[in-house]
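The values are calculated or read from the model by the stated rules, or taken from the named source; none is laboratory data. This is a predicted model, so every value here is computed, not measured. As a convention, Cβ positions derive from the backbone with ideal geometry for all residues, glycine included, and neighbour counts pool all protein chains shown. Just the protein is used for accessible areas: all its heavy atoms, side chains included, with ligands, DNA and RNA removed. Shrake-Rupley method; radii C 1.70, N 1.55, O 1.52, S 1.80 Å.
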Amino acid sequence: MRFYIDESGHTGDVVNSGTDLDFAGQPYFVLASVGIADQGDLERELMALRKRHGIGNGELKSSEHLHHGAFVSELIDWLSMNKAPILVEVVDKRFYLCTHMVIATLARHDYEGLGPHGAYLLSNQAADALSELASDEALEGFIEACISPTDHSLMTFFGRLLKPLISKADASLSNTERFLKEVVIDAGIRYKIARDVNPQAHLDFLPSPDLAKRRQPVWMLPNQTSLANLYARINLVLTGKLADVTLVHDEQQQYARTLLDSLKQAERVGELKKLPFIPYADYRFVERAQLEFSSSKLSAGVQVADIIAGLIMRFYRDRKAGRTSSDAHRLAFEKIFDLNTPTTPLGINQVLPTKECVFPNFTDPAQHQPG
């Protein structure tokens, strides 16, 4: 089987946050994968769908063909009928930045005593709190500390986070504010203790960059972690049988090396004595898949992954803006969303603030206030 992979909403690493942390108008990153056992079957079905919906023979691109809602919906039906696994990672970039703030800088010293599941829940709670309460100034302070890591830049970040929390009386703080204040103060104390022993301790409290093709540093690349988790989800779907599996990713001129490294890092996670809790994924790799890169113009599978990624990205973007998706697009989204059940890792993994997550039986964004 070959799993075809493509993305939507790519703007590089989240250090490139754009004006006012708008990520160049693309707040979400989506990585979609579809498993195809027979490329010929897929090409024949696409030919029939093109003919039925009056679509020419050029490359299928989400930016050009998503207005053919019925075409997309029927394509999802065919994939489901043929048991082609569809797996999607959707990432809110602001929340993603907050998760790295938690993992690298604010992780509490007592996480280890909570066990993997407890640490996972507490980390998510902290990232949710940051996403809700951290100012743009604080997030920009974290980005500045990543780019120019010094004691001063890290302490400036701590100060920007704490300033609005200590300016209010404890009695007037919400439960979320009180929780975040405790987390930040605890991290600050741990950092000061570490700094007394090691003048370079600030480097241990910030994420390390990876190196892209021209060896330029990149921090917190959603493509990288999304591909690693997608790989672990595929491992779970196929019960570890990856020896004859190839992942075919759309061409990546800049980040190919980084993405290859992300698979190796995912495989190393499974070697840890204490495996972290990661739902709907299996990081214990017994066999290894291969990763290839292919031009979307030459691969029908990559084109299908692009259509799915574009559909998911635009659905979440429209929902965030309060816009209503067309009935056909909404139906196609629901078909993918409903693939996820308590016993399967298929469908959509949402790396989002809890209040932005889609839950079963959700309503139209125009009438829905996330809870």
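Worth pointing out:
- Mean accessible surface per residue for segment 109-161, computed with a 1.4 Å probe while every protein chain stays in place, in Å²: 46 Å²
- Residue-count net charge about His152 - beta-carbon cut-off 13 Å; Lys, Arg +1, Asp, Glu -1: 0
- Inverse of mean 1/r across different Cα pairs in segment 291-340, Kirkwood, Å: 12.2 Å
- Extension gain from Leu298 to Ile278, taking 0.36 nm per residue of separation minus the Cα-Cα distance: 3.8 nm
- Heavy-atom surface of segment 53-92, accessible at 1.4 Å and reported per residue (Å²): 40 Å²
- Distance cut-off 29 Å, percentage of C-alpha pairs in the chain lying past it: 44 percent
- For segment 28-180, the carbon plus sulfur part of the accessible surface works out to 54%, probe radius 1.4 Å.
- Burial order of peptide ranges 79-87, 115-123 (average beta-carbon count within 10 Å, highest first): 79-87, 115-123
- Exceeding the 20 Å Cα-Cα cut-off - candidates Lys264/Lys297; Lys320/Lys355; Lys83/Lys241: Lys264/Lys297
- The chain: relative contact order in percent, alpha carbon pairs under 8 Å with at least 6 residues between: 29 percent
- Protein accessible area in segment 265-369, 1.4 Å probe - carbon and sulfur %: 52 percent
- Of Asp22, Asp282, Asp170, the one that fluctuates the most in a GNM where the chain has Cα springs shorter than 10 Å: Asp170
- Note on Lys163: lysines with a C-alpha under 22 Å away, same-chain residues under 8 apart excluded, are Lys181, Lys192.
- Radius of gyration and Dmax over the Cα atoms of segment 156-263, both given in Å: 20.6, 61
- Taking the Cα centre of segment 231-371 as reference, the dipole from Cβ charges on Lys and Arg (+1) and Asp and Glu (-1) amounts to some 380 debye.
- Dividing the convex hull volume of the alpha carbon atoms of segment 87-180 by its residue count gives 123 Å³ per residue.
- Unit charges on C-beta of K, R, D, E only; dipole of segment 155-302, Debye: 360 debye
- A simple count of charges around Leu21, restricted to other residues whose Cβ falls under 9 Å of its Cβ and scoring Lys, Arg +1 and Asp, Glu -1, yields -2.
- Kirkwood Rh and Cα Rg combined as Rg over Rh, evaluated for segment 238-342: 1.03
- If the chain linking Lys83 and Lys320 were pulled fully straight, counting 0.36 nm for each residue of separation and taking away their Cα-Cα distance, it would gain 82.2 nm.
- Under the convention that each Lys and Arg Cβ holds +1 and each Asp and Glu Cβ holds -1, the size of the dipole of the chain around its Cα centre is about 200 debye.
- Tilt relative to the chain, helix 115-133 - C-alpha long axis, 0 to 90 degrees, to 10: 80 degrees
- Per residue, the convex hull spanned by the Cα atoms of segment 54-114 measures out at 166 cubic angstrom.
- Highest to lowest packing among 127-134, 25-32, 188-195, scored as the average C-beta count within 10 Å: 25-32, 127-134, 188-195
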